[in-house]
1. Tell me, please, whether a residue that is modelled with pLDDT under 90 and either in a helix (DSSP H, G or I) or surrounded by 16 or more Cβ atoms within 10 Å (Cβ to Cβ) (or both) can be found in the stretch 56-63.
2. So, in the stretch 121-141, of the ones that are in contact with a strand residue (DSSP E or B) (Cβ under 6 Å, 6 or more places away or on another chain) and modelled with pLDDT of 80 or more, which residue ends up least open to solvent (accessible area, probe 1.4 Å)?
3. When you go through D11, D26 one by one, which is the residue that is modelled with pLDDT of 80 or more, part of a helix (DSSP H, G or I) and exposed (fewer than 14 other Cβ atoms within 10 Å of the Cβ)?
4. May I ask you to say which residue of G66, G2, G77, G6 is modelled with pLDDT under 95, within 20 Å of R169 (Cβ to Cβ) and open to solvent by 50 Å² or more (accessible area, probe 1.4 Å)?
5. Quick one: is E204 modelled with pLDDT of 90 or more, out of contact with any strand residue (DSSP E or B) (no Cβ under 9 Å at 6 or more places or on another chain) and open to solvent by 60 Å² or more (accessible area, probe 1.4 Å)?
Amino acid sequence: GGLSLGFDRQDWTIELALDNNQDATDTYRLNHPEMPHKKVVCGDIREEIEQGLVEKIERTPDVVVGGPPCQSLSQAGYRARLADDDEYNILDDDRTGLYEEYVEIVEELRPRALVMENVEGMVSEIDDTGIKVGDLVIDALESIGASDHGYVCDYQLIDCAEYGIPQHRERVIILGVREDLVDQSGDVIIDDLFEAVAAAAPSEQFDLKQALSGLPK
């Protein structure tokens, strides 16, 4: 629930949260006691969409925030898979395409803006195919609604250590704004947003000792 926590600290209201892992949703409920349990859904997003997930959202959100499963794109996970299956192909992994459900949610809800977080592998070329999943995500978001407005989007690779995390962890952040809310300088708007994110970073870095300080033994 870290993404939700960041928004909550800026006085946003979280309307719904979903994860496919019971431990994750249990932890989310513990860390977000203000959230009614019915608004924290544990399930496969593909099945939940078919069963009316969007209808559970009582108000149209201003922002959709998410991090589609990234195991198929993580470098550590990829090395482990290669050791077990020489025929493994990232593009054939069902999880690689789960960003499509994120896009479907955005298309149905039409929020003013969106945020996606994912692993570095999202913007790395898959083998020698010339394909980067991050580009597929951007293309899908920009193409939403043939007769409606899509989204102006871009991504940046950031080191979380520069934002107060006690670990060097590269993460891809995608930001998007609905096309009808920006003028011809849409790309400039996204650049401004990333500059604002960078400006909000703490002036000092934190180490593991500081992060664990005060936790029970």
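1. yes
2. Here is the first cut: in the stretch 121-141, the residues in contact with a strand residue (DSSP E or B) (Cβ under 6 Å, 6 or more places away or on another chain) are 122-123, 134, 138, 141.
Those still in the list that are modelled with pLDDT of 80 or more too: 138, 141.
Details: I138: 17, L141: 0 Å².
That would be L141.
3. Numbers: D11 fails: part of a helix (DSSP H, G or I).
The unique qualifying residue is D26.
4. Details: G66 fails: open to solvent by 50 Å² or more (accessible area, probe 1.4 Å); G77 fails: open to solvent by 50 Å² or more (accessible area, probe 1.4 Å); G6 fails: open to solvent by 50 Å² or more (accessible area, probe 1.4 Å).
G2 is the lone residue from the list that is modelled with pLDDT under 95, within 20 Å of R169 (Cβ to Cβ) and open to solvent by 50 Å² or more (accessible area, probe 1.4 Å).
5. Values: modelled with pLDDT of 90 or more: no; out of contact with any strand residue (DSSP E or B) (no Cβ under 9 Å at 6 or more places or on another chain): yes; open to solvent by 60 Å² or more (accessible area, probe 1.4 Å): yes.
Judged against the criteria, E204 is not a match.
The values are calculated or read from the model by the stated rules, or taken from the named source; none is laboratory data. As the structure is a prediction and not an experimental result, all values here were calculated from the model. All Cβ positions, glycine included, derive from the backbone under ideal geometry; neighbour counts span all protein chains shown. Surface accessibility is based on the protein's heavy atoms, side chains included, excluding ligands, DNA and RNA. Shrake-Rupley method; radii C 1.70, N 1.55, O 1.52, S 1.80 Å.
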